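S.K.: Submitted below is the structure of interest, expressed as structure tokens.
Any read-out appearing in this document is the output of simple, stated calculations on the displayed coordinates, not a laboratory observation. Keep in mind the model is a prediction, meaning the values are calculated, not measured. Every residue, glycine as well, gets a Cβ built from its backbone with ideal geometry; the counts of neighbours run over all protein chains shown.
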């Protein structure tokens, strides 16, 4: 809705447009002084009222704008606080995730180190056990070889002694039977009194 001042200005423009131009001029017109004075007087009378009304509207607008600014600032402050809280929570979560990942990484490294150490110790024990078994088997082989050699020597000595006894017995028997061949004697006579078979 237009104000009375605007209406008066429109009327002034219409009046000027309706005036006849001055003879031989494109920029000058002939006006009725009374009509123009009436329009200007009414314009002067209405102007203070209109200005007051506009000032009131402007004042109201300022109040509305100030209220809107205050509300907007409150909303911005609240949003800023909420955003800072979210950022803080996000940073805390990020730190927690980083610490958790660090703990997991350290635990994995420690577990791998323990596994590697256990594997190395197991390999060392296996090698030591294999070496110990090899040494014991070598010792046992040496003992058995020594026993075989000793048994062979003893057996050879025993055979030697038995042969000596056999020769002595044969010699004694020949002395008892000088005219007979020892091979013609009965087989039972080839045994000595102790029951030892002559070889």
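S.K.: Write down Rg/Rh for the stretch 32-84, rounded to two decimals, with Rg from the C-alpha atoms and Rh from the Kirkwood relation over Cα pairs.
M.R.: So for the stretch 32-84, dividing Rg by the Kirkwood Rh gives 1.53.
S.K.: Turning to a different aspect of this structure: For the stretch 101-184, compute the orientation-averaged projected area of the C-alpha convex hull (one quarter of its surface), in nm².
M.R.: For the stretch 101-184, the mean projected area of the Cα convex hull comes to 8.0 nm².
S.K.: Compute the length gained on full extension between residue 59 and residue 156: take 0.36 nm times their separation in residues and subtract their Cα-Cα distance, giving the result in nm to one decimal. Working shown, then result.
M.R.: Numbers: separation 97, 0.36 × 97 = 34.92 nm, distance 14.17 nm.
Length gained, residue 59 through residue 156: 20.8 nm.
S.K.: While we're here: For the chain, what does -39500 (n - 2.57) per DSSP helix run (n ≥ 4), summed and divided by total residues, give at 222 nm, in deg cm²/dmol to the nearest 500?
M.R.: -30500 deg cm²/dmol
S.K.: Another question, if that's okay. Between residue 74 and residue 107, what is the FRET efficiency for a Förster distance of 45 Å, r being their Cβ-Cβ separation, to the nearest 0.05?
M.R.: Once the sixth-power term is evaluated, E becomes 0.40.
S.K.: Further question: How much length, in nm to one decimal, is gained on full extension between residue 32 and residue 11, taken as 0.36 nm per residue of separation minus their Cα-Cα distance? Show your work: numbers first, answer last.
M.R.: On the way: separation 21, 0.36 × 21 = 7.56 nm, distance 1.39 nm.
Roughly 6.2 nm would be gained on extension.
S.K.: Over the stretch 4-86, what is the mean sequence separation of C-alpha contacts under 8 Å (at least six apart), divided by residue count, expressed as relative contact order in percent?
M.R.: 26
S.K.: Still on this model: Report the full-extension gain for the segment residue 83 to residue 164: residue separation times 0.36 nm, less the Cα-Cα distance, to one decimal in nm. Present the calculation step by step, with values, prior to reporting the outcome.
M.R.: Working: separation 81, 0.36 × 81 = 29.16 nm, distance 11.88 nm.
Going from the current span to full extension adds 17.3 nm.
S.K.: Please give the FRET efficiency for residue 66 paired with residue 3, using the beta carbon to beta carbon distance and R0 = 30 Å, rounded to the nearest 0.05.
M.R.: Here the calculated transfer efficiency is 0.75.
S.K.: Now, a different point. Can you give the angle from 0 to 90° between the axis of helix 33-176 and the longest principal axis of the chain, with both taken from C-alpha atoms, to the nearest 10?
M.R.: For 33-176 against the chain, the angle is about 0 degrees.
S.K.: Compute the separation of the alpha-carbon centres of the stretch 26-87 and the stretch 146-166 and state it in Å as a whole number.
M.R.: 142
S.K.: Over the chain, what is the relative contact order in percent, taking alpha-carbon pairs closer than 8 angstrom and at least six residues apart?
M.R.: Values: 45 pairs, mean separation 21.3, N = 199.
In percent, rounded to a whole number, it is 11.
S.K.: Sticking with this one: Over the stretch 1-92, what portion of Cα pair distances is larger than 14 Å, expressed as a whole percent?
M.R.: Of all Cα-Cα distances in the stretch 1-92, 78 percent exceed 14 Å.
S.K.: Let me ask another. Calculate the spin-label point distance for residue 25 paired with residue 129, positioning each point 7 Å from the Cα along the beta-carbon direction, and give it in nanometres.
M.R.: 13.0
S.K.: Now for a different question. Using the Kirkwood radius over Cα pairs, work out the Stokes-Einstein diffusion coefficient for the chain at 20 °C and 1.002 mPa s, in µm²/s as a whole number.
M.R.: 64
S.K.: Here's something else I'd like to know. What translational diffusion coefficient, to the nearest whole µm²/s, does the stretch 85-133 have by Stokes-Einstein, given a Kirkwood radius computed over alpha-carbon pairs, a temperature of 10 °C and 1.306 mPa s viscosity?
M.R.: Diffusion coefficient, whole number: 115 µm²/s.
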